[in-house]
Every structure is written in structure tokens, then in C-alpha cells.
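Read the figures in this text as sums done on the coordinates, not as results from a lab. Bear in mind the structure is a predicted one, so any value in this text is a computation, not a measurement. Every residue, glycine as well, gets a Cβ built from its backbone with ideal geometry; the counts of neighbours run over all protein chains shown.
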Amino acid sequence: MPKIKIVPSILSADQDKLQEGINEVEDYSDLLQVDVMDNKFVPNITPQAELLKKFNTKVPLDIHLMVKEPSNDYIKTFIDSNKKLKINNITIHYEACSDLEKTLNFIKKNSIIPCIAINPKTPLDKIKKFLDKVGMVLIMTVEPGFSGQKFVEDCMEKVQELRKLKPNIDIEVDGGINDKTAAIAVKAGANVLVVSSFIFKAKDKAGAIKKILASVK
Ligand code: DX5
């Protein structure tokens, strides 16, 4: 299995002290996730590409677009927003895109790793034909839209199946990950752990990451 990666999601960070929160976690983070919501694909909204102007970090970004039909122009606004940041990957939802392949190709053309996310109720079968085109698959472990929800353990069946199919692919889980559920996800075959409230609601954010790492050893 590929290396375990810790990905704090800034969604539940104190937005007034965003840079401070990022500074506390960056030495312990492999990627930093920026969640983007449109109030169409999910019943919540976040700042869009302008959010990337509000902070800086040496950690490469994982941009998770919970957005209906993200156009190339829309994706480009993220790529162009803050050239000091490095975008590692842009993840789009199977359920939100009518031409998934076209959007994945556009992301790749911009030298960014294209990734697909699926919601808890979406079967893995729906994305099998795209697996050779992506660098990572995000198996959502909550319905997207909000942090602080309970981990849906049933999603682990998809993680197990995908790990068997693709021993070397990055499998990301997102939603309800803490020092208990991380171990369940890693045992099933996930190696990229997105964590928001467990880290950003903790007084000692680096300590929260260390607890997760200890729990998956
Ligand atoms: C859910 C977001 C997650 C969320 C996870 O829609 O994609 O990244 O922030 O939050 P926690 O870790 O609190 O479940």
C-alpha cells in the first residue's frame, strides 16, 4: 500500500485565524485540503477561488470541488488565483460532472493530478472505467457538505474493493476521520486521510495529527 498521507481540511478551521491554523499543521501535513462548495451540488457554500488568496503555505493543495458541472474556466480560476501556492490535485465528483473525462483531461493538461470523488451511495462500478486516468480516488465517508458528521463505515467495502483492484493507487477518505476511524479506513486500504474537525477543533492541532498517525501504525 502507498504511504499514509495526512490531509488537514481547512473547512472547519477558524477562518479569522486561517493562516495561524495552517502554520500549526503544515509541518505535519502531506497535503492541505481546500473544500469548495456551490450550494447546488451540496447544500452549503464556501468562498471560491478567492479563498486561495487568503493564505500561503509550503504544503501542496488538494482542491476538492463539490461543485455542479465545474467548467474549464471555473477550474482555471483556482489555478490562477495564487501562483505562490502549489496545487497537487483537483478532485471532481462523479455525480456532479456530465463529461467527467473531459474535465479530468483539462486538469491534467494544466499539470495538476486529476482525481475523482464518489459519495457514500455511489457504487465503485460507476468510476471503474476512469481509474487509469486519475492519480487518486476519494471515497467520501460522509455525505459531502459539512464537517463534523459521523463516519459511514459501510463505505469501507468500496475501499477494500478498490485496494484489491489498484494496489498502488492513492485512496483518500474524507468525513468523520479521527483517531478511531482512521485505523478502520487504513485497515480497509485507504492511505490518504482527510481530517477537518478532529484537527482544527483541537487545541493542540499538531498533537491531533500525531494521535491519528499513532492510531494507524
Ligand atoms: C465534507 C468535506 C470534508 C469535511 C470533513 O463535505 O469534504 O472535507 O471538511 O470534515 P470532518 O473531518 O470534520 O468530518
>> Give me the one-decimal nm value for the distance between modelled label points at ASN168 and LYS108, 7 Å along each residue's Cα-to-Cβ direction.
In response: 1.6
> Projected onto the charge dipole of region 1-142 (+1 at Lys/Arg Cβ, -1 at Asp/Glu Cβ, origin at the Cα centre), which of SER12, GLY135, LEU61 gives the Cα projection farthest towards the positive end?
Replying inline: GLY135
> Restricting the count to DSSP beta bridges whose residues both fall in region 74-217, what percent are antiparallel, rounded to a multiple of 5?
Replying inline: 0
> Exposure proxy check: PHE78, PHE146 ranked by fewest other beta carbons within 10 Å?
Replying inline: PHE146, PHE78
> Taking the simple approach of a point 7 Å from Cα along Cα-to-Cβ for both LYS83 and ASN23, what is their distance in nm?
Replying inline: 2.6
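Can you work out the FRET efficiency for the pair ASP204 and LYS68, with r the C-beta to C-beta distance and R0 = 45 Å, to the nearest 0.05?
Details: r = 38 Å, r/R0 = 0.84.
Computed FRET efficiency for ASP204 and LYS68 comes out at 0.75.
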> Do you know the relative contact order of the chain, to the nearest whole percent, from alpha carbon pairs under 8 angstrom that are 6+ apart?
Replying inline: 21
>> Full-extension gain between ASP99 and ASN56, please, as 0.36 nm times their residue separation minus the C-alpha to C-alpha distance.
In response: 12.3 nm
